[in-house]
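Everything on this sheet refers to the single structure shown next.
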Amino acid sequence: IAKEIHLRTAVRSGKPFIAVNCAALPESLLESELFGHEKGAFTGATERRIGKFEQANGGTIFLDEIGELPMHLQSKFLRVLQEREVIRVGGNTPIPLDIRLIAATKVDLLDAVKKGTFREDLYYRINVIPLEIPPLRKRKQDISAIAEYFVNENNRHYKLNKHLTFEAIEALEKYNWPGNIRELQNVIERSAISFDGDEITKFQIERLL
């Protein structure tokens, strides 16, 4: 959805779309990953690194699981949004930014604010146009279209000609998807590389669920 928003916006669609999973990166690397760093900023910083904010300049940065952003980085992140500029770790020169932020989280951020794990000022700064996306189990009618999209993506990536059978789609729609979209994506990819033939069958899907 974040990428579609980016692609459907004329002024930014031809510019970078940079995605960052805040929960997937070690806390020690996250600051450098987002803001970049200068050569010699810390042990192991042997060269200048351009951060994700700079890479997204002119386009869109998508921060997945923003609720996992450590508190000490939230204040720096807030400054980037307010000032529209970033300072690399170990640097002192502000770098102007023109970015659109899209953020996603499974955490109730307002509850996190009350618990003191998410800054209130940052919450109100990013909560401009909220979109609530129901979990996959509550929108079964979308499963076939999303699954077909992932099949086509895998076909392009692995140079295959796979397609889902009607029975396979039924099996996908009956499953509860506790892992949501990512689980569906992984199941489709495993089916693409684990079985021979062009058909993705009900038997294959049920073996992978």
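Listing for the model above:
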item: Rh by Kirkwood over Cα pairs, then Stokes-Einstein D for the range 7-84 at 0.890 mPa s and 25 °C, µm²/s; result: 182
item: Residues with amide H under 5 Å from that of ALA19, placed H, sequence gap 5 or more; result: PHE62
item: Too-long pairs where the Cα-Cα distance tops 26 Å, listed order kept, from LYS15/LYS76; LYS3/LYS140; LYS3/LYS202; result: LYS3/LYS202
item: Carbon/sulfur fraction of accessible area - the range 55-192, other protein chains in place, 1.4 Å, %; result: 50
item: Residue-by-residue Karplus 3J(HN,Hα) for the range 114-123, coefficients 6.51, -1.76, 1.60, Hz, glycine and proline x; result: 5, 7, x, 9, 9, 5, 5, 5, 5, 4
item: Stokes-Einstein D in µm²/s, Kirkwood radius over Cα pairs - the chain at 37 °C with 0.692 mPa s viscosity; result: 169
item: Under 5 Å, built H, 5+ apart or other chain: amide partners of ARG88; result: THR93
item: The range 57-144, accessible area per residue, ligands and nucleic acids excluded (1.4 Å, Å²); result: 57
item: Computed E for ALA41/GLU120 - FRET, C-beta separation, R0 30 angstrom, nearest 0.05; result: 0.50
item: For the range 167-209, convex hull of alpha carbons as volume per residue, Å³; result: 61
item: For ALA103, residues with placed amide H under 5 Å, excluding near neighbours; result: LEU63
item: Residue-level accessible surface for ILE1, protein heavy atoms, 1.4 Å, Å²; result: 120
item: Coil-residue trypsin sites (Lys or Arg not before Pro) of the range 5-64, DSSP, other Cβ within 10 Å capped at 10; result: ARG8
item: Convex hull of Cα atoms in the range 106-185, direction-averaged projection (nm²); result: 7.3
item: Contact order normalised by residue count of the range 45-143, Cα under 8 Å, 6+ apart, percent; result: 32
item: Relative contact order [Cα under 8 Å, 6+ residues apart], the chain, whole percent; result: 16
item: Between 0 and 90°, nearest 10: helix 71-83 axis offset from the chain longest Cα axis; result: 80
item: Heavy-atom SASA rank of ILE200, ILE50 (probe 1.4 Å, accessible area, largest first); result: ILE50, ILE200
item: Between the range 11-43 and the range 147-184, the Cα center-to-center distance that results, in Å; result: 30
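The values are calculated or read from the model by the stated rules, or taken from the named source; none is laboratory data. Being a predicted model, the structure only gives us computed values, none of them experimental. Quick reminder, even Gly has a Cβ in these numbers, built from the backbone with ideal geometry, and neighbours come from all protein chains shown. We work out accessible area using only protein heavy atoms, side chains counted, and drop any ligands, DNA or RNA first. Shrake-Rupley method; radii C 1.70, N 1.55, O 1.52, S 1.80 Å.
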